[in-house]
Amino acid sequence: MGAWAITIHGGAGVDPNLPMERQEQAKAVLARCLEIGITALRSGAVALDVAEMVVRELETDPIFNSGRGSALTALGTVEMEASIMDGRGRRCGAVSGLSTVKNPVSLARLVMDKSPHSYLAFSGAEDFARSQGVETIDNSYFITDENVGMLKLAKEANSIMFDYRVPIDNNTKNTCGASAGSIVNNSIDNTTTIQMNGLPISIYAPETVGCAVVDTQGNTAAATSTGGLMNKMSGRIGDSPLIGAGTYACNLCAVSCTGEGEAIIRATLARDVAALMEYKGLGLQEAVDYVINERLDEGKAGLIAVSNAGEVAYGFNTVGMFRGSATQNGFMEVAIWE
């Protein structure tokens, strides 16, 4: 019998001016979801089931950018994506472009378990969901008043938003392109300082959710879910549903990433952690540190990981990352900053 471990995240790229009330709300959600995973692992649940269960909980709470509370496209709609991977045999499932599926991670699990494919998107994924009897709901369920307001502000400001959940209040004005510390005034021209895939972006909201787990049998699993970028182009697909980029699990480790999707995709970030362990013999934290420091070029991202030995690790090159971890030996942490 091995030792279980679990780690979760609610996104990297936190505004340092995020109000304390919002910080505490986020940490409370992380702690609650972490406890759900701990209880399941203590009862003997397998890693794959725990990863799905925890991410479902994170999707249901609007505090993070997945499921209900997902970031809005430029059209004001929600297009969600998710993936899940079982380290046993490296089975996987992924979905993109969902607009009515209440829990995208569970549809990704069904793609893995009930279809001959690994990845379904947009209308094909929605059709598959209906054929499987998955719970669907009107797109309006996922859209919060807060996100509608922030999308409006984003369009008016034409600015990059590091944390679009800083509340809109009377001080949130587009007078000089800044709002409550959450927006940096970078017009889409030569003065833009943050780019994605070599091009300037108007809004950056990286609050993806994810979970990496190892159970007492040494089986690993990872799952990641997101609404993507605030004000993104309709049809944009990020790293979260891409196996090897945003999510990966094998016999050595399980990894879930968050942050600048285009940079994570180019780096195949999640797979690179496993590759460094497999081919160079690095330890889990060593491998995580290496990919964060050496593989992202100028991109901003973070990740969480577990090893088959019951270790947890994390890394990020952003100001903060919403995260929580627990191990069988009694370690438990919920944190945002370094």
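Could you derive backbone 3J(HN,Hα) for the stretch 43-58 from the dihedral phi with the Karplus parameters 6.51, -1.76 and 1.60 (θ = phi - 60°), listing whole Hz in sequence and x where the residue is Gly or Pro?
8, x, 5, 7, 4, 4, 5, 5, 4, 5, 4, 5, 5, 4, 5, 5
On alpha-carbon atoms, Rg over Rh for the stretch 217-338 using Kirkwood Rh?
0.96
Out of every Cα-Cα pair in the stretch 20-144, what percent are more than 16 Å apart? All intermediate terms of the calculation are to be shown ahead of the outcome.
Values: 4873 of 7750 pairs.
Every Cα pair in the stretch 20-144 considered, those over 16 Å come to 63 percent.
Under the rule of at least 5 residues apart or a separate chain, name every residue whose amide H is placed under 5 Å from the amide H of residue 208.
Distant-sequence amide H within range of residue 208: 12, 259.
At 1.4 Å probe size, with every protein chain present, just tell me what the per residue accessible area of the stretch 38-149 comes to in Å².
Details: 4270 Å² over 112 residues.
Solvent-accessible surface per residue comes out at 38 Å².
So which of 102/300; 152/232; 27/300 end up more than 20 Å apart by C-alpha?
Values: 102/300 29 Å; 152/232 13 Å; 27/300 22 Å.
Checking Cα-Cα distances, 102/300; 27/300 exceed 20 Å.
Less than 13 Å from a label point 7 Å out along the Cα-to-Cβ axis of residue 1: which backbone N atoms in the stretch 212-241 qualify, by residue?
216-218
So what's the projected area for the stretch 47-87, the Cα convex hull averaged over all directions, in nm²?
In nm², the orientation-averaged hull projection of the stretch 47-87 is 3.1.
Using a 1.4 angstrom probe on heavy atoms only, work out the carbon and sulfur share of the accessible area of the stretch 1-127 in %. List each step's numbers first, then the result.
Details: 2300 of 4410 Å².
Looking at the stretch 1-127 in its full context, I get 52 percent from C and S.
The values are calculated or read from the model by the stated rules, or taken from the named source; none is laboratory data. Because the structure is predicted, anything quoted here is derived from the model rather than measured. Cβ atoms come from the backbone with ideal geometry, glycine included; neighbour counts cover every protein chain shown. To get the accessible areas, we keep the full protein, side chains included, count just its heavy atoms, and leave off ligands, DNA and RNA. Shrake-Rupley method; radii C 1.70, N 1.55, O 1.52, S 1.80 Å.
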